[in-house]
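Asks: Input: one structure, supplied below.
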Amino acid sequence: MERLRSSPLHANISTALDKHLEAIHVVQARRKDEIVNASSRQRHGPPRCQDERVVLALAVALRALCLATRSVRTMLWCAFQMTLPK
């Protein structure tokens, strides 16, 4: 979109994209932790408290990803509107 406008977009758009990417990486890390915890639980028996914390951390990360997705979607719509010819 910056190439279409021949000028850089607002800094908030880049910030929103960076936050969205960071939220994706956090969700991926929490999911990996959940998988590791689930596989070790099958071998050693069920430690319920630790398992609940891992799932809760994943839920918090997914909520942050949802909020970041809404924000970046709005920012990209604004950038698209600024890119359209008048």
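Asks: Report the extension gain between LEU21 and THR69 in nm, rounded to one decimal, defined as 0.36 nm multiplied by the number of residues separating them, less their alpha carbon distance.
Replies: Here the answer is 16.3 nm.
Asks: Let me check something: with ligands and nucleic acids excluded, how do MET82, MET75 order by accessible area (1.4 Å probe), largest to smallest?
Replies: Working: MET82 90, MET75 55 Å².
My answer, sorted largest first, is MET82, MET75.
Asks: A further question follows. With every protein chain left in place and a probe of 1.4 Å, what is the accessible surface of CYS78, to the nearest 10 Å²?
Replies: 50 Å²
Asks: Between THR83 and SER14, what length in nm is gained on full extension when 0.36 nm per residue of separation is reduced by their alpha carbon distance?
Replies: Details: separation 69, 0.36 × 69 = 24.84 nm, distance 1.53 nm.
The THR83-SER14 span can extend by a further 23.3 nm.
Asks: Here's another thing I want to ask about it. What percent do you get for the relative contact order of segment 9-83 when only Cα pairs under 8 Å and 6+ apart count? It would help to have the intermediate numbers written out before the result.
Replies: Values: 40 pairs, mean separation 39.3, N = 75.
Averaging sequence separation for qualifying contacts and normalising by length gives 52 percent for segment 9-83.
Asks: Write down, largest first, the equivalent ellipsoid semi-axes of segment 9-83 in whole Å, where each equals the square root of 5 times an eigenvalue of the alpha-carbon gyration tensor. Mind showing how you got there, number by number?
Replies: Details: eigenvalues 261, 17, 10 Å².
They are 36, 9, 7 Å, listed largest first.
Asks: To the nearest 20 Debye, how big is the dipole of segment 9-83 about its Cα centre, given +1 on the beta carbon of each Lys and Arg and -1 on that of each Asp and Glu? Present the calculation step by step, with values, prior to reporting the outcome.
Replies: Working: 11 positive and 6 negative charges, 40 e Å.
Dipole size: approximately 200 debye.
The values are calculated or read from the model by the stated rules, or taken from the named source; none is laboratory data. Remember, it's a predicted structure, so these values are computed and weren't measured experimentally. All Cβ positions, glycine included, derive from the backbone under ideal geometry; neighbour counts span all protein chains shown. Each accessible area value is taken on the protein alone, full model and side chains, heavy atoms only, with ligands, DNA and RNA left out. Shrake-Rupley method; radii C 1.70, N 1.55, O 1.52, S 1.80 Å.
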